[in-house]
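The values are calculated or read from the model by the stated rules, or taken from the named source; none is laboratory data. As the structure is a computational prediction, the values presented were derived from the model and not from experiment. Backbone-built Cβ (ideal geometry, glycine too); neighbour counts: all protein chains shown. Surface accessibility is based on the protein's heavy atoms, side chains included, excluding ligands, DNA and RNA. Shrake-Rupley method; radii C 1.70, N 1.55, O 1.52, S 1.80 Å.
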Amino acid sequence: DKVHIDVHVIEPSEEQNYYIIFTTGMSDKPMNVPDGREEYQYCEIYMFLPKEWKMSQENMNDDKNYWPIGNLKSLARMPHQYDTWLALGHTVANGDPAEPYAENTKLCCSMLTYPIMGKEGFDKLKIREDKVINFYYVFPLFKEEMDFKLKKGMDELLDKFDNKKIGPVLNIKRKNAVKWF
C-alpha cells in the first residue's frame, strides 16, 4: 500500500443513535490535486451505520456486514494508487459496470458530500500552516442516482434525498431517490 488506512468505529450512544466509521491514513500523503486546488490535497472520509449493524469481528467475515468498511478503505487508497484525488461531489462506482457492494443491497456507487450532522466547522482540520485535512461524508448511491448527479449535480441529488426524507445513516433497503416506484 502507498498509505496505511485504518477504519475506526465510534459506538452508538444516547446522543448519537448510530455508528460512525471513519478513516485515518488517507491524509498521510497529499493527493494529486489540480493546480490551484492545493487546499484539497488532504482528506479523510466517514459514514454512519445504523445501531443495528453487525459490527463484531466475527461479523466482519461476511461481506454483507463488512462492505461499508471495505468501501471506505478502497476509496481512501484510490487517490494514492491511481495518482488522482477525491473531493466534494466526486462519485465512484463499484466497478465498471457498477455492481452492488454486497448481496444484501443494490447500492453500488459512492458520492463524497458535505460533512453531515457534525459540529460547526467540522469540515476542515488545520494540522499546520501547510496541511489542512478536509472531511467528507460518503453517501452510498444507486447507479441511477449517480447518473442523475453526473447530469444535474450533487446539490440537486441532495435535494431529492431531502424531499424523499433519505437521511445520512446507511439504509441498505432505502428507496432509490430518482426512480418512481
* To do: Quick one: pull the percent of accessible area on the chain belonging to carbon and sulfur, 1.4 Å probe, ligands and nucleic acids left out.
  => 47 percent
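For segment 6-115, compute the number of Lys pairs whose alpha carbons are separated by less than 19 Å, excluding pairs fewer than 8 positions apart on the same chain.
For segment 6-115, the number of qualifying lysine pairs is 7.
Normalising by the residue count of the chain, find the relative contact order in percent from Cα pairs under 8 Å and 6+ residues apart.
Relative contact order, the chain: 21 percent.
Of the chain, which part is the longest with no GluC sites (Glu not before Pro) in a loop (DSSP not H, G, I, E, B) and with at most 16 other C-beta atoms within 10 angstrom?
That would be 130-181.
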* Candidate values [x] 1.19; [y] 1.01; [z] 1.08, label of the one derived for Cα Rg over 2.2 N^0.38 Å -> [y]
* Please identify every one of the trypsin sites (Lys or Arg not before Pro) in segment 107-157 that sits in a loop by DSSP and has no more than 16 other beta carbons within 10 Å of its own beta carbon. => Lys119
* Net charge over other residues, Cβ less than 14 angstrom from the Cβ of Ser56 (K, R count +1; D, E count -1) -> -1
* Give the residues of segment 1-28 whose amide nitrogen is closer than 18 Å to a point set 7 Å from the Cα of Lys54 in the direction of its Cβ. => 19
* Asked: At what distance in angstrom do the alpha carbon centres of segment 104-181 and segment 1-59 lie from each other?
  -> 14 Å
* To do: Pop a pseudo-label 7 angstrom from the Cα along the beta-carbon direction at both Leu88 and Glu39 and give the gap in nm to one decimal.
  => 0.9 nm
